[in-house]
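Scroll down for the structure; my scribbles are underneath it.
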Amino acid sequence: MTCEEYLQDPDANTVHLESCANCRALEEELGLPVDVQHRPLRVDALPLASWEGASHRTWPLVGAGLVAALTLAIVLSAYAGISPMTVVSSSMPSLDALLTFLQLTGRAIGAPLVAVLFVAINTILFLLLRRAPKGVDV
Amino acid sequence: MFRRIVIPLTAIAALLALFAVVSPTGARGDSRSTSDKHYVDENVTIDQPVMGTVQLYGGTLMLRDVIAGDLLVIGGKVTFTGRGRVEGNLIHAGATLTGADGRVGGRTYPLASLEGAAGALTKTAIIASLLLVWLIAAIVVTLMSGREIRLSSVEVRTSALHCFVLGLVALTSFVLTAIAFSYLVPYVIGIPLLAALGVFALLTKIYGMIAVFHAIGTLVAGARSRGQLEQRKWLRGDLAMVVIGVLLLGALRLIPVVGTILWSLASIFGVGVALATKFGRREPWFLEFRAANA
């Protein structure tokens with residue numbers, strides 16, 4: 001509830017005084033008797049917020065997941081005859097190949113078309129990035 | 001208006017642009033450069049020496065003579081016969097190569113690691129090893145900035161279409177910007193620009209994928225009520241949601257074809273949500289100038 005809503009109907013919204021120091025000070029300044037009526041609040045009836053329990057860290061689950069993934073990687077790599085570290089180190093594409101691919105593709109498309117597409121797509125990206133996130137603030 | 005028309009149109013435009021970049025159909029036939037040749041969905045036989053490079057996007061190529069430059073093959077089939085040889089590098093993705101052994105003067109590069117994997121078991125081993133890397137990265141990032149990951153996870157669930165469109169446009173932008181920077185490579189400045197773009201794109205993908213892991217974990221195993229949450233010992237908290245998301249998406253990734261599609265879709269969502277929330281900080285990317293009121 002906002003202060004404006006309270007000021008429009010102070011008698012009906014006395015619960016606002018509990019949380020707002022400014023309005024409480026205003027009431028005390030006016031010398032009016034303050035009668036705060038507590039409204040029953042059922043916490044369980046409120047929807048679950050995403051931050052509730054979020055900081056809990058389940059280490060057994062993390063450990064189990066790591067062990068499962070590690071075991072799977074080792075077993076499959078052993079069957080395939082390669083080491084997991086070799087797989088990981090060789091999984092990145094070659095920089096030379098990527099650079100050649102980019103240059104050849106750029107040459108195939110042609111510089112004018114690349115320039116037009118570059119401006120068009122980045123303009124759209126700029127417009128999309130201006131939109132504020134809509135997720136609930138938690 | 002914005003949701004009904006602009007977003008779908010933007011998605012279609014981004015898809016078309018991405019297709020145009022990856023598969024330049026406008027470059028059919030002879031190249032713009034006299035020495036280069038591009039072929040799109042054509043059945044070609046090369047029986048004369050080619051002084052420049054050859055690019056094949058789909059279709060088949062029967063190579064009977066020498067290519068002095070590089071050979072780039074995306075989704076095509078190449079057969080080396082007779083004097084067929086590539087003096088430069090052979091770069092391929094999703095391609096079938098026959099008789100290429102000993103006929104490439106430079107190096108043979110698969111664009112993706114899975115393309116280079118010989119058999120299905122090797123591919124599965126690669127996926128499983130990378131899954132372990134993803135799991136470790138996800139745990140470390142969630143421990144360091146769990147709140148940001150959670151904010152991005154909420155965003156991808158509440159605003160999925162926007163994240164998808166933004167991801168598509170951003171990926172297209174990355175590719176186009178990389179191509180534009182590759183023109184600058186001869187002027188030295190292109191290399192640091194490309195490196196910076198690559199690092200940014202990689203960080204965006206890693207952060208975004210972890211947010212998607214969290215979102216998937218929450219959708220599948222998240223508590224629906226406070227009572228349910230209090231009863232749980234293991235399936236609660238950001239870390240548990242991320243781990244479940246990694247394991248679930250990783251298991252789906254092991255399915256041939258479908259897994260690749262799902263992982264690619266998750267990547268698009270991930271890049272989109274990373275940029276939409278500015279890596280979970282929920283700050284505007286661009287500040288608007290507004291004159292101060294006197």
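Just so you know, all these numbers are worked out from the coordinates, no wet-lab data involved. Worth saying up front: this structure is predicted, and the values here are computed from it rather than measured. Positions of Cβ are backbone-derived with ideal geometry, glycine not excepted, and every protein chain shown enters the neighbour counts.
Tabulated data for the structure shown
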{"quantity": "Karplus-derived HN-Hα couplings along segment B:166-183 (A = 6.51, B = -1.76, C = 1.60, θ = phi - 60°), whole Hz, x at Gly and Pro", "calculated": "4, x, 4, 5, 5, 4, 4, 5, 4, 5, 5, 5, 5, 5, 4, 5, 5, 5"}
{"quantity": "Net charge dipole size for segment B:189-294 [Lys, Arg +1 and Asp, Glu -1 on Cβ; Debye, nearest 20]", "calculated": "300 debye"}
{"quantity": "Simple spin-label estimate for B:Leu121 and A:Lys134 in nanometres, 7 Å along Cα-Cβ", "calculated": "5.0 nm"}
{"quantity": "Pairwise FRET efficiency - B:Ser225 versus B:Leu203, Cβ, R0 = 45 Å, nearest 0.05", "calculated": "0.80"}
{"quantity": "Sorted by Cβ neighbour density within 10 Å, fewest at the top, the residues B:Ser264, B:Ser153", "calculated": "B:Ser264, B:Ser153"}
{"quantity": "Shielding by other protein chains, B:149-159, mean Cβ within 10 Å", "calculated": "4"}
{"quantity": "Inter-centroid distance (Cα atoms) of segment B:132-171 relative to segment A:98-117, Å", "calculated": "30 Å"}
{"quantity": "Spin-label zone in segment B:64-100 - amide nitrogen under 15 Å from a point set 7 Å from the Cα of A:Asp96 along the C-beta vector", "calculated": "B:69-72, B:86-92"}
{"quantity": "10 Å Cβ neighbours from other chains, averaged over peptide B:218-228", "calculated": "2"}
{"quantity": "Long-range HN-HN contacts of B:Tyr109 with modeled amide H, under 5 Å", "calculated": "B:Leu90, B:Ile91, B:His92"}
{"quantity": "Mean Kyte hydropathy of 0.5 or more with a Cα span along the axis of at least 24 Å, helices from DSSP in chain A", "calculated": "A:59-80, A:111-129"}
{"quantity": "Inter-chain shielding of B:182-191 (mean C-beta neighbours from other protein chains, 10 Å cut-off)", "calculated": "3"}
{"quantity": "Relative contact order (percent, whole number), segment B:195-293, Cα cutoff 8 Å, 6+ residue spacing", "calculated": "36 percent"}
{"quantity": "Among A:119-128, B:242-251, A:5-14, the order from most to least packed when residues are scored by Cβ within 10 Å on average", "calculated": "B:242-251, A:119-128, A:5-14"}
{"quantity": "Partners for B:Lys37 among lysines (Cα-Cα distance below 30 Å; same-chain residues under 8 apart left out)", "calculated": "B:Lys77"}
{"quantity": "Footprinting exposure proxy for B:Lys123, B:Lys37, B:Lys233 (fewest neighbouring C-beta atoms within 10 Å first)", "calculated": "B:Lys233, B:Lys123, B:Lys37"}
{"quantity": "Overall form of segment B:186-294 per C-alpha gyration tensor (a/c, 1.5; a/b vs b/c)", "calculated": "oblate"}
{"quantity": "Sorted by Cβ density within 10 Å, fewest first, the residues B:Val271, B:Val257", "calculated": "B:Val257, B:Val271"}
{"quantity": "Spin-label model distance (nm) - B:Ile255 vs B:Leu9, 7 Å beyond Cα toward Cβ", "calculated": "3.6 nm"}
{"quantity": "Calculated FRET value between B:Ile136 and A:Leu46, using beta carbons and R₀ = 41 Å, to 0.05", "calculated": "0.65"}
